[in-house]
Amino acid sequence: MASASVDLLSAACAHLTRSPEAPEADDRGAESRDAAIELDTWDAADWRAALLDVPLDERAYADRFGIERAKEIDRLWGWWSDPVADERVTHATTGYLGFFLLTLISMHRSDRMRYHGEAYGSSEIAGRPGDELCGELVAHPYVQHAIEHLYAPSEEDDEAAVWDTIDFATMAFHRQGTTSIIVKVDSVAPKAGDPEEYALKCLIYPYLRMQPIVEATRGYKREFGGKRPKDSPLVTVWDSYDSWVLMRFVEGKTLADHLREIAEQRRQPKSEILRPVDIEQLRALGMLLLDAMEVLAEKVGHHNDLTPSNIIVRFKNDLPFEIKLIDLGVNFLHTRTLVGAESRESVYIAPEVKAKGKGGHHADLYSVGMVLIAIGGIPHSAPGTVPDQFYVASVGLARLLEDLLDADPEQRLAVSDIDDGPGRFAEIRDLFVCEIEVLEAAEKEQPKTRYERLKNLLPGSGAVKRQRAIWKVRRKQAKATDKATHPMRAHHLRQAKGLKRWAVACALLSWATLALVVTWWSRDLDLWWQAKPFEYVNWLLNRSGDQGIPVLDDIRAADYPIPSAWDNLPVRIVALAYAIPGLRLYMNIFADMTPRSARRRRGWRGVRTAAASFMMRASAVYPTVYILLPTLVQRRWWFLFAPLGIITVATMITACLWFARDANARARAWNGGKGLSTVPKGEIMTLQRMESWAPAAWLYALPVVIIGTFLYFDRLQDELMYAIAIALINIGIWTFKNTGSDAPYVRAGLTRAILAAERLDVLEANRKAKAEAARKQAPEPRADEPLQEAVA
């Protein structure tokens, strides 16, 4: 009986692991000795029966044999490491016992990963890394002989011919999977040419009791097999059997290992929202991944278990040049066929695969999106949700990731204007390249040295150059996009190009405004000199004796003297205090976003959209108006424009929040309350930063309006102190906090709401179109049907 066999195996292990000097104190010791002797009479069939009956989990093992599995491994490894261990049993039995030890180690490691969430290779066994123990066991000739016989198919099976091509003497341990061990072997050398290198994936024996795993292993060649060119991202599968899969061996490291190495070298950001997206890795690995998925979609159809551990990256001169996709098919751990804690890599698996145990090409879209996030070096957020850092880095890239990650498979690729067919990954790659080009253009203009970063704190420094570089990229992309074939994509590119053009113009306007303020201040301090261009203009206007600035000095009020350093000091202070944060507000928050959609919104949705859009664009202009009028025309007007500026800011915040709250509420209520997965269910922490601005802005506006009114009508006299107070608040709160440290949070929160509203527009339009199509296809009722029903 199989149960007797495994019990006898356990008893034999107790005898073999006993110290030779220790006396056998009772009958149980004699029984163990007899069991060890009987092992030498077992053939491969007996060993298969015993191995199949090994308990799967730690608790069951301890209950059955009275010893913890980890202690059994320690004792067996001590016996195996003894130079005279193989003298107690035959060489064949030694090999089978070595394989039994390999099985226990593999099960132990699998449990540590499944139940305790440990990373691969993180724990030690018998005081050594698990891969080292497995490597020594697999390299032993006796164990190699045992593996050859334990996994050999019947001579009547077709797989026997392929099994005979394996040179088991070349066997070497490669790595361990959830339910398998993977070894590297060579084929028997043909008459001409070098032998083929195989990867032999052997199921851990006790898992052969689980019929779904056996069936999936047996049918692996049928579903994913076929000979592939060596440069194909799909690995050639030579054959598969109930207990093994034989495929071409691929040199390289898993994407999981590669990303782990990169993460260890990265410097941790001061704040998680400031973690930069790894553009270099996205360009190199993201492109390779999408190219590989294009081939997979064409040749096989789907993967369903696309995780970093199932992606092999090959390198040349330390640069990735090729990606191989392995372990196709549903992983039974994700579908709960295997019990255990949810693995770390389950985040990459589409919700429908985990819920139903099967998926299709929509499932691979989800996995690709999650893998791209990992390649970008950003920790994952809630399932189906794009991390905040991508909204900060690029609206376009965040939109693409949302379109891949939607928890509802029917809502994927809804916004990106990509045909949901075999060529979908080629289109995704083209759109992905567009967004990477934008990120690279922005990154190129980012300050690199400490001096450049210090210089970048100045208002407008580098902003014009950076926005112009992105605008050039968007303009080129818009020209290359066919409006008829991809109307949504063309709209997004035109929209992005227009936003950048506006940003460049407003950046120049803001910089000119700041320059005028500084110039007027220098005139007050008698640091002014007449520039040659102004002399020529004065000469042309027959004003050769006038040393002022044409036109601008002409509009200045008569009671507004220049120079007058002390009297003009308040208006200069307030002007600077509004110019600096005003420029930063638009460039750091609103430059890349607009709530406007390709589809027209009506009713209150349209009002909210128009209000938010107007205030976002106006945020780049109103500071110039409010600054230049008191600076150039009448200095006393700053009493009015200072509170008006604060009221405008408060109104802008209120309009943006009005739009964002409505978009998020509708996204959560979508589809009968199921909602869009791209919008978190709870509080959106990034948007809360802006929500905290609104009451502070309105509260700040109240005393500024009152005091400004009293100053304008000469009811108060301390205007310099009032100006200094405004400057301190504007510089301290708006420059360093709101438009500085808070800016990335606000950008992420607003962009998420804007993309949610855009997504809802498309989904609602699609739903209406489907309903209309169904209505047209429904047969019209015959005229006599009511009469027939009445007669019946």
Original post:
Do we find that Asp74 is in the same structural domain as Ile125 (by TED's automatic domain parsing), touching a residue at least 40 places away in the same chain (Cβ under 8 Å) and under 19 Å from Thr178 (Cα atoms) in this structure?
Top reply: no
Subject >> Hits in the stretch 394-430 (condition: among the charged types (D, E, K, R), under 22 Å from Gln477 (Cα atoms) and modelled with pLDDT of 90 or more) >> reply: Arg399, Glu402, Asp403, Arg424, Glu427, Arg429, Asp430
Subject >> Conditions (1) at pLDDT below 80; (2) part of a helix (DSSP H, G or I); (3) surrounded by 16 or more Cβ atoms within 10 Å (Cβ to Cβ); (4) not acidic (Asp, Glu): number failed by Gly460 >> reply: (2)
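Would you say Pro595 is more than 26 Å from Gly498 (Cα to Cα) and crowded, with 19+ Cβ neighbours inside 10 Å? Write out each step before concluding.
Values: more than 26 Å from Gly498 (Cα to Cα): no; crowded, with 19+ Cβ neighbours inside 10 Å: yes.
So Pro595 does not fit the description; no.
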**OP:** Can you tell me which residue within the stretch 18-41, out of those that are surrounded by fewer than 20 Cβ atoms within 10 Å (Cβ to Cβ) and within 20 Å of Tyr142 (Cα to Cα), is modelled with the lowest pLDDT?
**Re:** Ile37
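Table: residues versus (1) within 29 Å of Leu763 (Cα to Cα); (2) in contact with a Phe, Trp or Tyr (Cβ under 8 Å, 6 or more places away or on another chain).
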residue	(1), (2)
Trp658	yes, no
Arg661	yes, no
Arg666	yes, no
Trp670	yes, no
Val679	yes, no
Glu683	yes, no
Thr686	yes, yes
Trp693	no, no
Ala696	no, no
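Quick test for you: out of Arg601, Arg636, pick the one residue that is modelled with pLDDT of 90 or more and not small (Gly, Ala, Ser).
Working: Arg636 fails: modelled with pLDDT of 90 or more.
Every option except Arg601 fails the conditions.
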**OP:** Kindly provide the set of residues from the stretch 594-638 that are among the hydrophobic types (A, V, I, L, M, F, W, C) and within 30 Å of Ile549 (Cα to Cα), ordered by number.
**Re:** Ala618, Ala620, Val621, Val625, Ile627, Leu628, Leu629, Leu632, Val633, Trp637, Trp638
Original post:
Thr385 versus (1) β-branched (Val, Ile, Thr); (2) surrounded by fewer than 23 Cβ atoms within 10 Å (Cβ to Cβ); (3) modelled with pLDDT under 90: which is the lone unmet condition?
Top reply: (3)
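Could you run through the stretch 627-680 and say how many residues are within 30 Å of Pro351 (Cβ to Cβ) and of a type in the set (Gly, Ala, Ser)?
Of all residues in the stretch 627-680, those within 30 Å of Pro351 (Cβ to Cβ) come to 659-680.
Now restrict to residues that are of a type in the set (Gly, Ala, Ser): 660, 663, 665, 667, 669, 672-673, 675, 677.
Number of matching residues: 9.
Quick test for you: out of Ala612, Ala598, Ala577, Ala618, pick the one residue that is within 21 Å of Leu514 (Cβ to Cβ) and within 34 Å of the chain's Cα centre (by Cα). Talk me through it step by step, then tell me what you get.
Working: Ala612 fails: within 21 Å of Leu514 (Cβ to Cβ); Ala598 fails: within 21 Å of Leu514 (Cβ to Cβ); Ala577 fails: within 34 Å of the chain's Cα centre (by Cα).
Matching residue, one of Ala612, Ala598, Ala577, Ala618: Ala618.
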**OP:** Exactly one condition in (1) assigned to a helix (DSSP H, G or I); (2) more than 50 Å from the chain's Cα centre (by Cα); (3) of a type outside the set (Phe, Trp, Tyr) is not met by Ala557; state its number.
**Re:** (1)
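Suppose the filter is modelled with pLDDT of 65 or more, among the small types (Gly, Ala, Ser) and under 20 Å from Val625 (Cβ atoms); does Ala496 pass it?
Values: modelled with pLDDT of 65 or more: yes; among the small types (Gly, Ala, Ser): yes; under 20 Å from Val625 (Cβ atoms): no.
Answer is no for this residue.
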**OP:** Can you work out which of the residues in the stretch 639-650 that are more than 14 Å from Ala696 (Cβ to Cβ) and not aromatic (Phe, Trp, Tyr) is nearest to the chain's Cα centre (by Cα)?
**Re:** Thr648
Original post:
Which members of the stretch 241-297 meet the condition of being of a type in the set (Gly, Ala, Ser), in contact (Cβ under 8 Å) with a residue 40 or more places away in the chain, touching a strand residue (DSSP E or B) at 6+ places or on another chain (Cβ under 8 Å) and over 13 Å from Ile312 (Cα atoms)?
Top reply: Ser243
Subject >> Subset tally (residues that are surrounded by fewer than 22 Cβ atoms within 10 Å (Cβ to Cβ) and either in contact (Cβ under 8 Å) with a residue 60 or more places away in the chain or within 31 Å of the chain's Cα centre (by Cα) (or both)) for the stretch 621-634 >> reply: 6
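Results for (1) among the hydrophobic types (A, V, I, L, M, F, W, C); (2) assigned by TED's automatic domain parsing to the domain that holds Arg668; (3) not in a helix (DSSP H, G or I), shown as yes or no for each residue.
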{"residue": "Lys354", "(1), (2), (3)": "no, no, no"}
{"residue": "Gly377", "(1), (2), (3)": "no, no, yes"}
{"residue": "Val392", "(1), (2), (3)": "yes, no, no"}
{"residue": "Leu400", "(1), (2), (3)": "yes, no, no"}
{"residue": "Ala426", "(1), (2), (3)": "yes, no, no"}
{"residue": "Phe432", "(1), (2), (3)": "yes, no, no"}
**OP:** Of the conditions (1) of a type outside the set (D, E, K, R); (2) farther than 24 Å from Leu296 by Cβ; (3) modelled with pLDDT of 90 or more, Val188 clears all except one; give me its number.
**Re:** (3)
Original post:
Scanning for something more than 26 Å from Ser346 (Cβ to Cβ), out of contact with any strand residue (DSSP E or B) (no Cβ under 6 Å at 6 or more places or on another chain), without any contact (Cβ under 8 Å) to a residue 40 or more places away in the chain and surrounded by fewer than 24 Cβ atoms within 10 Å (Cβ to Cβ), does the stretch 406-418 turn up at least one residue?
Top reply: no
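The values are calculated or read from the model by the stated rules, or taken from the named source; none is laboratory data. It should be emphasised that the depicted structure is a prediction, and the values quoted were computed from it without experimental measurement. Every residue, glycine among them, receives a Cβ derived from its backbone with ideal geometry; neighbour counts consider all protein chains shown.
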